[in-house]
Amino acid sequence: MANKVIFLVDMQSFYASVEKVCNNSLKNKPVIVAGDPERRSGIVLAACPLAKNYGITTAETLGSAKIKCPHVEVVRPHMELYIEVSIRIKEIMEQFTDLVEPFSIDEQFMDVTGSLKLFGNQFEIAQKVQAKIMEDTGIYARIGIGPNKILAKMACDNFAKKKRDGIFRLDHSNIDQLWKLPVGKMFGVGSRMKRNLNGMGISTIGGLAKFPVESLKKRWGINGEVLWQTANGIDYSPVTVKTHNQQKSVGHHMTLPRDYMDLDEIKVVLLELCTEVARRCRKKGYMGVTISCGVRGADFDYPTGFNRQITLSVPTNYDLDIFNAAYKLLLQFWNGEPIRSLSVGISNLQPADNYQIDLFNNYLRREQLNKAIDSIWDKYGRTALYRASSLTVAGQATERASKIGGHYK
């Protein structure tokens, strides 16, 4: 493992960079990509470096960003375009190695160990990857290098992004540079975990690395050991093209355009979510037995909500099975307060072509119905057929059909 050369390639301000490449009039202007404020999704998804100079950060509200920079250019996201560019960038990386693993839409791992004799040393390859991505897409890439994925990731996040050439190698010979950083800068440590670690007297990544691992395991189990290993730069997971081949769950989440307080209205959206989860499950060739339902309250200052799950006796990819289970969870755990967002998921997946049937249900009829509906959707689109309840004021099916991942295509 110590002889491996792993890259984490990150696209700078990816969404905003793509928009600037596609629209030359934005080239020298501060640009942010944000959702539709009229539908309560006015959150900054990406800010270009010029916008960041005004203090604008990802995930802040559009209103806050405009206060910091009144003349900022606001662009609505174009998710189909970003996906196309991300796929193109992956194809560029595959010119240097066949071991490319997507981590997110704007980050991908590369194992270039076997490419050193073909393209030069690790820094030369990094420069060539950078140059090729810029030449073909106009996007600037930062590259973290390490002997494993976790060090490559933290090299990119904490050092490469701050260097002029955008390239940095982090390994056990210079890990002390990482150890000097606040523990909140470590990959895998969020705000809540940071508070917990600070409460234990751990303020730096180095402090976590030197903390007794048994004490961490006693408090957090296996996650405690993962934290300790991350701080010490230990990671045995390989870069693999098969990471996303076996899906563990299928889920769908929706931020509502207004606060939903009436149970009948919530049921409409819940059924739409279950229909979409079932469709995607069938599309991927799966059935599942564990149904989850999540709700987030409307009050940001005093967060409320739940995320619970229930296990069925037999696997399913039928929307009404999923809905009945999710609705049961909603009735049991919803506190009656206004809802801002809703989510449904199905997990414990198995292949849909081999399952134990329930003798008391007409599975053949349901399969025939599903196939008929799916064929209509595939041929004519998601708005060709939907339940009448989606035509009510609560329905969101038509609006969601024009989006990818909650954003306009």
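The values are calculated or read from the model by the stated rules, or taken from the named source; none is laboratory data. These numbers were taken from a predicted model, which means no experiment stands behind them. So basically every Cβ, Gly included, is an ideal-geometry build from the backbone, and we count neighbours across all protein chains shown.
General observations
- Residues located in segment 161-174, provided they are more than 15 Å from GLN130 (Cα to Cα) and assigned to a loop (DSSP other than H, G, I, E, B): LEU170, ASP171, HIS172, SER173, ASN174
- Contact annotation: no residue pair with Cβ atoms under 7 Å, 6 or more positions apart or on different chains, pairs a residue in segment 271-298 that is farther than 18 Å from PRO338 by Cα with a partner that is part of a strand (DSSP E or B) and of a type in the set (Phe, Trp, Tyr).
- Every test in (1) outside any loop (DSSP other than H, G, I, E, B); (2) touching a residue at least 12 places away in the same chain (Cβ under 8 Å); (3) surrounded by 16 or more Cβ atoms within 10 Å (Cβ to Cβ) is passed by ILE56 save one, and that test is (1).
- Cβ pairs under 7 Å, 6+ apart, first in segment 132-150 and over 22 Å from ALA231 (Cβ atoms) and assigned by TED's automatic domain parsing to the domain that holds GLN108, second in a loop (DSSP other than H, G, I, E, B) and of a type in the set (A, V, I, L, M): ILE133/ILE139
- Matching residues, segment 163-195, being loosely packed, with under 12 Cβ neighbours inside 10 Å and either among the acidic types (Asp, Glu) or closer than 15 Å to ASN148 by Cβ (or both): SER173, ASP176
- Qualifying residue in segment 307-327 (condition: surrounded by 16 or more Cβ atoms within 10 Å (Cβ to Cβ) and more than 30 Å from ASN370 (Cα to Cα)): no
- Among (1) at pLDDT 90 or above; (2) within 21 Å of the chain's Cα centre (by Cα); (3) buried (at least 16 other Cβ atoms within 10 Å of the Cβ) - the single one LEU216 does not satisfy: (2)
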